[in-house]
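Below is one structure; the comments refer to it alone.
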Amino acid sequence: MINFWKMVFLMKIGVIAIQGAVSEHVDALRRALEKRGIDAEVVEIKHKGIVPKCSGIVIPGGESTTLCRLLAREGIAEEIKEAAAKGVPTLGTCAGLIVLAKEGDQQVEKTGQELLGIMDTRVNRNAFGRQRDSFEAKLEVAIFDSPFTGVFIRAPGIVSCGPGVKVLSRLGDMIIAAEQGNVLALAFHPELTDDLRIHQYFLDKILNC
Amino acid sequence: MDFEKLRHGTELIKRGFARMQKGGVIMDVTTPEQARIAEEAGAVAVMALQAVPADIRKEGGVARMADPEIVQQIIDTVTIPVMAKARIGHFVEAEILEALGVDMVDESEVLTPADPFYHIDKTQFTVPFVCGARNLGEALRRINEGAAMIRTKGEAGTGDVSQAVKHMKQIQGEIRALAGKTKEELIMVARDIEAPIELVVETSKMQRLPVVNFAAGGVATPADAALMMRLGADGVFVGSGIFKAENPEKMAKAIVEAVNNYDNPAKLAEISKGVGAGMKGICADMIPVEEALQERGW
């Protein structure tokens, strides 16, 4: 059921625009909205004060070390935590999956990155190696009935998670897609492909909330 | 899961890596300590090299790939991606860097070219490449050879941003001029600028380069970095500008923040306060053509 008030007041979906694949997520969200025939505004978030106005938040891929530092420096980190605590749907891809996690591996600790601790997950920063090991693969994702092309770039993985986390996909012994309530984390980059199913799934979360 | 089915080094993976660097600052470093400072400041990647361009310019001689020992130490020190420079056409240096685990190779005019006619066939590598360009033809030739990222050449090691500005405006002006042209007119442009017609058509349609385009060559202050972002750069490389500055830590952090706040003059003013003197530099116009690094590459 689509919330009537959201249709009256133009809904905002925010993409954290500190660094990384920002325009790709903005484009994918706009296309997903268009396909559903929904009028909503997709905004880029570089500074404090915008997150609380958003009905959904995307943390895109980029360099997690850089993202974590600047999210804290700009004061956005706290805002995302508060929004997620209120149940605002949040999508994190690649670096975003790391940022959302509760615990990191040695690599994460080495740089003193401040993780947001929104998901009850423990992550491995470069679970799939360096750039030469980066890959594309057809994935089975629990929420879809046909394979999804996963683009993995120096990708992280979820090593373990708490009971509240639902595993959506695995690759080898790594969890590469998971959700916890309204929070969705992916180790790969749906925004680099033309497949809009992830963004539509996320949009449904926003509309149903 | 069948790990045999994983596809490595595809165009999507290579260009995708470059896209993850967008909005970021990539810093030249020559030691693991400098790499740590860069990471701490918020760099998205570091570029490992033997000497920063300003020193290469001063010392003269043949400039080659960095010592693999140092590159390895830098890789082991930081969690962010490590890039390194190979000489133009020196595919073996590039292979060595790939074998070390470098995340992106810069086939760079800052080093002494190893081949007077040809660039590296970058399609043969799993690791992505970045290459310098001064104009659209050069950029599209490099992309045709497999470059996953373009950067302006600017004039490295000068601390003078004017050449980076010139190259960025040149490329963007040429792209704007493609708009509205017919197929036959685009074919004529492709002949004129010595670039493949398919890439000229793609660029005309997208109204931007088909890969990420960074600014490089002479960026020395937070204001310089913000200027390049305002001109449409996807991100910024800073070479000598950081570790030739009076206070590298402050300069590095300020340049990262300037790139994130490039469209906010009040914030840029705050960021630029008290960062100490920028590198001394040399006016790019004072450099004789035969000593200009940007003339290298074909």
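For the range B:261-281, the set of residues classified as open to solvent by 70 Å² or more (accessible area, probe 1.4 Å) and in contact (Cβ under 8 Å) with a residue 40 or more places away in the chain consists of B:K280 only. A count restricted to the range B:42-73 and to residues that are surrounded by 22 or more Cβ atoms within 10 Å (Cβ to Cβ) and either more than 19 Å from the chain's Cα centre (by Cα) or at positive phi (or both) stands at 1. Taken over the range A:140-174, the criterion of being more than 10 Å from chain B (Cβ to nearest Cβ), among the polar types (S, T, N, Q) and touching a strand residue (DSSP E or B) at 6+ places or on another chain (Cβ under 6 Å) is satisfied by A:S160 alone.
Mind checking whether some residue in the range A:71-81 is surrounded by fewer than 19 Cβ atoms within 10 Å (Cβ to Cβ) and at pLDDT 95 or above?
yes
Matching residues to (1) in contact (Cβ under 8 Å) with a residue 24 or more places away in the chain; (2) more than 21 Å from A:G162 (Cβ to Cβ); (3) within 11 Å of chain B (Cβ to nearest Cβ); (4) among the aliphatic types (A, V, I, L, M):
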| site | (1), (2), (3), (4) |
| --- | --- |
| A:R69 | yes, yes, yes, no |
| A:G75 | yes, yes, no, no |
| A:L97 | yes, no, no, yes |
| A:L115 | yes, no, no, yes |
| A:R132 | no, yes, yes, no |
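Which of the residues that make up the range B:19-36 are more than 8 Å from chain A (Cβ to nearest Cβ) and within 21 Å of B:A226 (Cβ to Cβ)?
B:V25, B:I26, B:M27, B:D28
Can you give me the ranges of the helices (runs of 4 or more DSSP H) entirely in the range B:220-274 with at least 2 residues that are within 14 Å of chain A (Cβ to nearest Cβ)?
Fully inside the range B:220-274 and qualifying: B:222-230, B:248-260, B:265-272.
Restricted to helices (runs of 4 or more DSSP H) entirely inside the range A:1-100, those with at least 1 residues that are of a type in the set (A, V, I, L, M), farther than 25 Å from B:V25 by Cα and under 14 Å from the mean Cα position of the chain (by Cα) are A:22-36, A:76-85. The one condition from (1) within 12 Å of chain B (Cβ to nearest Cβ); (2) farther than 17 Å from A:L192 by Cα that A:V22 does not meet is (2).
Each residue in the range B:37-47 was checked for being at the interface with another protein chain (Cβ under 7 Å from one of its Cβ atoms), in a helix (DSSP H, G or I) and farther than 14 Å from B:M83 by Cβ, and 0 pass. Restricting A:A28, A:A32 to those that are within 14 Å of another protein chain (Cβ to nearest Cβ), surrounded by 20 or more Cβ atoms within 10 Å (Cβ to Cβ) and within 16 Å of A:E191 (Cα to Cα) reduces the list to A:A28. In a residue-by-residue description of the range B:25-39, the property of being among the acidic types (D, E), touching a residue at least 60 places away in the same chain (Cβ under 8 Å) and open to solvent by 50 Å² or more (accessible area, probe 1.4 Å) applies to no position. Selection of the range B:105-128 for residues being within 14 Å of chain A (Cβ to nearest Cβ), surrounded by fewer than 24 Cβ atoms within 10 Å (Cβ to Cβ) and touching a strand residue (DSSP E or B) at 6+ places or on another chain (Cβ under 7 Å) yields B:K122, B:T126. Filtering the range B:129-147 to residues that are surrounded by fewer than 24 Cβ atoms within 10 Å (Cβ to Cβ) and of a type in the set (G, A, S) leaves B:G137, B:G146. For the range A:180-192, the tally of residues that are more than 12 Å from chain B (Cβ to nearest Cβ) and more than 10 Å from the chain's Cα centre (by Cα) stands at 3. B:V200 meets all of the listed conditions (1) in a helix (DSSP H, G or I); (2) within 21 Å of the chain's Cα centre (by Cα); (3) of a type in the set (V, I, T) but one, namely (2). Among the conditions (1) closer than 22 Å to A:Q107 by Cα; (2) assigned to a loop (DSSP other than H, G, I, E, B), B:Q50 misses just one, which is (1).
The values are calculated or read from the model by the stated rules, or taken from the named source; none is laboratory data. Keep in mind the model is a prediction, meaning the values are calculated, not measured. Virtual Cβ from ideal backbone geometry, glycine too; neighbours counted across all protein chains shown. Accessible surface is based on the protein model in full, side chains and every heavy atom, while ligands, DNA and RNA are left aside. Shrake-Rupley method; radii C 1.70, N 1.55, O 1.52, S 1.80 Å.
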